[in-house]
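The values are calculated or read from the model by the stated rules, or taken from the named source; none is laboratory data. Just so you know, these numbers come straight off a predicted model, no measurement behind them. With ideal geometry, Cβ positions are generated from the backbone for all residues, glycine too; neighbour counts draw on all protein chains shown.
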Amino acid sequence: MLRLEKRPQPSKFWNWATPVLAVVLTMIAGGLLFMALGKDPFAAIKMIFWDPLFSPQFAAYSRPQLLVKAGPLILIAVGLAVGFRAGIWNIGAEGQYIIGALCGAAVALWFWPAPGWYIFPLMVLAGAFGGWAWAMIPAILKTRFNTNEILVSLLLVYVAEKILAAMSVGRMRNPDGAGFPGSRNISQYPAASNQELIANTGMHWGVVAAFIAVIFTYIMLHRHILGFQVQLAGQAPRAARFAGVAPARLIVLCLGFSGAMAGLAGMFEVSGPARMISIDFNSYYGFTAIIVAFLGRLHPVGIVLAGLLMALTYIGGELAQFMLGLPSAAIQVFQGMLLFFLLAVDVLSNYRIRLSVREAV
Amino acid sequence: MTEPLLAIEGLTKSYPGVVANSDVTFEIGKGEVHALLGENGAGKSTLVKAIYGLIRPDAGHMLWRGQPYAPAAPQQARAAGVAMVFQHFSLFEALDVAENVALGMDNPPPIRTLAARIREVSNAYGLPLDPGRLVGDLSAGERQRVEITRCLLQDPHLLIMDEPTSVLTPQEVEILFRTLRQLRSEGRSILYISHKLEEIRALCENATVLRLGKVVGRCDPREKSARALAEMMVGTKLHQPERAAHKPGQVLLEVKALDLRAPSAFGTSLKEVSLQVQAGEILGIGGVAGNGQDELLGALSGELRTRPGAVSFKGATVGHFGPTARRALGLLCAPEERLGHAAAPDMSLTENALLTGAWREKLVKNGFINARRARAFAESIIKRFDVRTPGPHVAARALSGGNLQKFVIGREIMQRPEVLVVNQPTWGVDASAAAAIRQALMDLAQGGAAVVVISQDLDEILEVADTFAALNGGRLSAKRPVQGLTMEAIGLLLGGAEGDSDAAA
């Protein structure tokens with residue numbers, strides 16, 4: 001019989017081995033899923049994890065996509081990780097991402113077509129502010145009325161989607177667009193465009209911002225008293241209050257930070273890879289980033305690796321969809337399984353498994 | 001010689017890294033009150049869990065009235081006639097007494113019949129209970145009656161009691177002892193677990209002493225002194241805390257008419273609590289758990305804010321200050337719950353040193369943590385307070401209760417407080433660690449600090465404190481000098497009788 005036995009201290013080894021194990025298990029279960037759909041599992045897995053990077057046929061297009069997709073995922077996930085460590089669950093990064101994009105786009109469209117070096121920096125500020133402000137709604141409701149931030153932030157995603165739809169057919173619609181929904185093409189407006197910084201690498205300002213955020217968060221979490229308080233509040237809320245951490249301040253801080261990061265990601269996306277505001281502008285980076293944050297163990301460096309891996313499943317998934325005719329839902333299931341397996345095998349970092357022979361009574 | 005009720009032979013049980021019981025052998029006769037003595041971690045709990053069918057021993061066997069006995073589950077143990085009252089009650093506060101009793105029974109009768117039985121049995125044993133009352137409204141002593149009555153309804157032959165008096169006032173202890181003696185006269189046996197030696201001497205006729213999982217002695221406790229029993233238990237000579245007489249100095253901490261609503265539904269609101277503590281004084285605050293101890297500590301530490309004037313430190317009002325600001329002034333606290341309140345269980349000792357020491361010990365500069373200083377501070381606590389651990393990198397939860405408590409108290413004392421408030425400083429701590437902690441508190445007061453010791457252990461208060469006040473239902477009695485205070489007077493104060501309050505200091 002299998003028995004779980006609590007470890008005296010969490011295992012450092014399993015803390016980092018579980019994400020790897022979860023990826024392997026996801027590959028196995030995903031392979032079985034693809035087999036059930038009548039596809040060759042090995043070809044599908046190879047198509048998702050190998051071909052985007054190394055196949056001569058696809059790599060030229062796919063490789064730059066890796067940073068393009070990983071950038072926003074990492075930026076959002078790093079912000080979320082700070083809150084998650086404190087036990088503050090911002091599930092609505094998707095909404096903050098949309099509002100950030102809308103605010104950034106609004107600045108760009110306001111100045112269009114004037115030149116000016118200050119326009120892009122203003123958009124960056126507007127994007128961060130939009131995400132921050134959207135996250136302040138659950139923060140204030142929680143600190144004032146003790147509402148549940150998970151529900152409020154999640155439901156605000158749907159509100160944000162409605163605002164996005166209204167904007168793309170209303171105030172932000174391209175006046176020269178022949179009545180089609182969607183704004184002007186921001187990436188073709190030089191003063192506001194978030195361009196690729198090095199040709200054919202996918203490197204744009206959003207990726208730069210993601211790496212700055214990673215370094216900043218690493219220092220904050222591991223060297224600064226604020227990071228200590230965040231972890232303390234997450235692990236032992238009562239001890240945190242005893243240590244003098246004000247819960248309300250921490251809620252405002254964590255939700256605000258993750259909101260600002262998500263807003264920034266949205267802004268860099270709309271002025272770059274997504275090119276414009278449109279009804280289907282959002283691509284669920286805000287939700288996928290939750291998986292990235294956990295897969296990366298809520299650690300900034302882990303999140304970089306997890307973000308790259310998750311970006312790979314996006315790109316490889318598209319490829320598999322295109323080449324093998326896998327339904328897009330199968331790819332989403334695949335990503336979901338990753339989180340599922342990760343949470344399941346996580347038990348290994350706190351427990352060890354013992355085989356015990358049941359003695360006869 | 002008659003056949004024993006329960007005989008245990010060569011019982012052994014090990015957990016990874018520790019042998020909890022090693023070759024334990026002893027017997028309990030019919031109608032015998034048998035004491036199981038030992039420090040925390042000596043293996044008492046493991047042993048009774050084996051008897052009650054909660055764990056299976058690795059080796060050894062038990063005989064129940066001469067027949068092999070190996071319960072695989074508590075139901076089997078109860079069927080044989082073993083009942084147990086746990087140290088931590090398993091009661092639901094939102095249900096009434098009869099419902100709680102029914103939940104713990106294997107085949108509960110209809111609730112109306114049960115209520116009548118509860119009334120009858122509890123009265124017969126001098127522990128009257130109203131079956132219709134909500135458990136949330138009962139005192140700790142009454143809650144224990146619920147547990148005992150639940151056991152008695154099963155007509156047990158052997159009643160196991162794990163530290164039953166830790167939550168009782170002296171008067172309640174007397175009532176409990178009367179009940180236990182009545183049970184003995186009916187021919188029932190009792191296995192009595194405690195570390196309070198005077199109680200064991202008053203109640204038990206046989207004692208088995210455990211140390212590190214092994215039986216190290218058997219005796220008739222009535223023939224031994226408490227000190228001799230303690231030394232059997234610890235295995236070394238005990239150091240008795242002592243201090244010179246003190247001269248009271250200026251008033252360092254003052255609480256004036258503090259009213260505080262309980263933060264939770266089952267907490268206790270503080271009502272017009274007033275106290276004064278002078279430099280060099282140790283004030284002992286006695287009281288049964290749940291009478292406002294946690295709330296009082298919270299109000300003093302700053303976790304619960306009060307109106308500014310309710311708490312003052314050296315004459316300055318601090319009631320509206322948070323924990324960090326109070327610490328900066330020199331008002332330090334150590335709460336009761338070690339894991340999760342005083343310390344973060346999964347964090348290392350270095351991080352836990354940072355938890356309260358960050359500013360006073362200058363472990364943080366411009367918001368950045370000085371990891372080396374934090375580590376050195378943790379190491380100095382470990383060294384000075386003899387915390388047994390491989391090093392400051394170890395997680396707090398890996399330490400034994402006594403060692404972690406030494407760390408927690410040491411962490412505050414090392415920060416040179418002017419006022420230190422501790423809640424249950426030696427709860428669940430072994431005798432030698434408890435003596436070290438008490439000595440440290442007394443040395444602190446000797447050095448001119450004011451110390452408030454909130455404790456349910458009256459012996460502890462009598463040992464360390466200069467003055468005594470009782471906390472009952474959120475009200476604090478006037479304080480009086482400990483010198484000349486009898487157990488009986490204390491018991492009355494704890495029960496809420498103010499007595500002649502003009503004798504107060």
- Task: For A:A165, indicate whether it is assigned to a helix (DSSP H, G or I), within 21 Å of the chain's Cα centre (by Cα) and away from every other protein chain (no Cβ under 13 Å).
- Result: no
- Query: So which residues in the stretch B:3-54 are within 14 Å of chain A (Cβ to nearest Cβ), in contact with a helix residue (DSSP H, G or I) (Cβ under 9 Å, 6 or more places away or on another chain) and surrounded by fewer than 18 Cβ atoms within 10 Å (Cβ to Cβ), if there are any at all?
  - Reply: B:Y15
- Failed item, numbered, when A:A246 is tested on (1) within 14 Å of chain B (Cβ to nearest Cβ); (2) crowded, with 23+ Cβ neighbours inside 10 Å: (2)
- Message: Suppose we filter the stretch B:340-351 for residues that are in contact (Cβ under 8 Å) with a residue 24 or more places away in the chain and either part of a loop (DSSP other than H, G, I, E, B) or within 8 Å of chain A (Cβ to nearest Cβ) (or both); how many remain?
- Response: 6
- Residues (surrounded by fewer than 16 Cβ atoms within 10 Å (Cβ to Cβ) and at pLDDT 90 or above) located in the stretch B:246-260: B:Q250, B:A257, B:D259
- Query: Among (1) touching a residue at least 40 places away in the same chain (Cβ under 8 Å); (2) within 17 Å of A:R238 (Cβ to Cβ), which single condition is B:G298 missing?
  - Reply: (1)
- Message: Considering only the stretch A:109-117, I want to know if a residue exists there that is among the small types (G, A, S) and closer than 18 Å to A:W132 by Cα.
- Response: no
- Message: Between A:L298, A:L305, A:L326, which is outside any helix (DSSP H, G or I), out of contact with any Ser or Thr (no Cβ under 8 Å at 6 or more places or on another chain) and either within 26 Å of A:D51 (Cβ to Cβ) or away from chain B (no Cβ under 14 Å) (or both)?
- Response: A:L326
- Message: Checking the structure you have, find out if any residue of the stretch B:14-24 is in contact with a Leu (Cβ under 9 Å, 6 or more places away or on another chain), closer than 13 Å to B:I193 by Cα and either at pLDDT below 85 or among the aliphatic types (A, V, I, L, M) (or both).
- Response: no
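Condition check ((1) within 8 Å of another protein chain (Cβ to nearest Cβ); (2) free of Cβ contacts under 8 Å to residues at least 24 places away in the same chain; (3) assigned to a helix (DSSP H, G or I); (4) crowded, with 17+ Cβ neighbours inside 10 Å) across all residues:
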{"residue": "B:F321", "(1), (2), (3), (4)": "no, yes, no, yes"}
{"residue": "B:R326", "(1), (2), (3), (4)": "no, no, yes, yes"}
{"residue": "B:A353", "(1), (2), (3), (4)": "no, no, yes, yes"}
{"residue": "B:R360", "(1), (2), (3), (4)": "no, no, no, yes"}
{"residue": "B:A374", "(1), (2), (3), (4)": "no, no, yes, yes"}
{"residue": "B:E379", "(1), (2), (3), (4)": "no, yes, yes, no"}
{"residue": "B:L404", "(1), (2), (3), (4)": "no, no, yes, yes"}
{"residue": "B:V408", "(1), (2), (3), (4)": "no, no, yes, yes"}
- Query: Does A:A114 meet the test of being loosely packed, with under 15 Cβ neighbours inside 10 Å and of a type in the set (A, V, I, L, M, F, W, C)?
  - Reply: yes
- Query: Of all residues in the stretch B:408-456 being among the hydroxyl-bearing types (S, T, Y) and under 13 Å from the mean Cα position of the chain (by Cα), which is modelled with the highest pLDDT?
  - Reply: B:S455
- Message: Of the residues A:S55, A:S62, only one is more than 19 Å from A:A293 (Cα to Cα), within 20 Å of the chain's Cα centre (by Cα) and at pLDDT below 90; which?
- Response: A:S62
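Just checking, which of B:L300, B:L283 is of a type in the set (A, V, I, L, M, F, W, C), more than 14 Å from every other protein chain (Cβ to nearest Cβ) and not in a loop (DSSP other than H, G, I, E, B)?
The match here is B:L283.
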- Being in contact (Cβ under 8 Å) with a residue 24 or more places away in the chain and more than 10 Å from chain A (Cβ to nearest Cβ) is the filter; apply it to the stretch B:303-314 and report the residue that is surrounded by the most Cβ atoms within 10 Å (Cβ to Cβ). B:V311
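Can you confirm whether A:L154 is without any contact (Cβ under 8 Å) to a residue 60 or more places away in the chain and either surrounded by fewer than 20 Cβ atoms within 10 Å (Cβ to Cβ) or of a type in the set (D, E, K, R) (or both)?
On the way: without any contact (Cβ under 8 Å) to a residue 60 or more places away in the chain: no; either surrounded by fewer than 20 Cβ atoms within 10 Å (Cβ to Cβ) or of a type in the set (D, E, K, R) (or both): yes.
So A:L154 fails the test.
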- Considering each residue of the stretch A:249-304, count those that are surrounded by fewer than 21 Cβ atoms within 10 Å (Cβ to Cβ), acidic (D, E) and touching a residue at least 24 places away in the same chain (Cβ under 8 Å), and give that number. 0
- Task: Could you tell me which numbered condition A:A114 fails, if it satisfies all but one of (1) in a helix (DSSP H, G or I); (2) more than 23 Å from A:L295 (Cβ to Cβ)?
- Result: (1)
- Message: Given the options B:R178, B:R150, B:R145, B:R184, name the one that is part of a helix (DSSP H, G or I), without any contact (Cβ under 8 Å) to a residue 24 or more places away in the chain and not acidic (D, E).
- Response: B:R145
- Identify the residue in the stretch A:70-93 that is of a type outside the set (G, A, S) and surrounded by fewer than 24 Cβ atoms within 10 Å (Cβ to Cβ) and, among all such residues, is nearest to A:G272 (Cα to Cα). A:I91
- Task: Output the residue which, of all residues in the stretch B:263-288 that are small (G, A, S) and surrounded by fewer than 16 Cβ atoms within 10 Å (Cβ to Cβ), is nearest to B:K314 (Cα to Cα).
- Result: B:S274
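One line per residue, one yes/no per condition, for (1) closer than 30 Å to B:G302 by Cβ; (2) surrounded by fewer than 20 Cβ atoms within 10 Å (Cβ to Cβ); (3) within 14 Å of another protein chain (Cβ to nearest Cβ); (4) modelled with pLDDT of 90 or more:
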| position | (1), (2), (3), (4) |
| --- | --- |
| A:G177 | no, yes, no, no |
| A:G202 | no, no, no, no |
| A:W205 | no, no, no, yes |
| A:V208 | no, yes, no, yes |
| A:F211 | no, yes, no, yes |
| A:I215 | no, yes, no, yes |
| A:F228 | yes, no, yes, yes |
| A:L232 | yes, no, yes, yes |
| A:A240 | yes, no, yes, yes |
- Of the residues in the stretch A:1-46, how many are within 14 Å of chain B (Cβ to nearest Cβ), part of a strand (DSSP E or B) and over 13 Å from A:D346 (Cα atoms)? 2
- Note on the structure: Per the list (1) surrounded by fewer than 20 Cβ atoms within 10 Å (Cβ to Cβ); (2) under 16 Å from A:W134 (Cα atoms); (3) of a type in the set (S, T, N, Q), residue check on A:S55 breaks on (2)
- Which one is nearest to B:T350 (Cα to Cα), of the residues in the stretch B:381-402 that are more than 10 Å from chain A (Cβ to nearest Cβ) and surrounded by fewer than 16 Cβ atoms within 10 Å (Cβ to Cβ)? B:G391
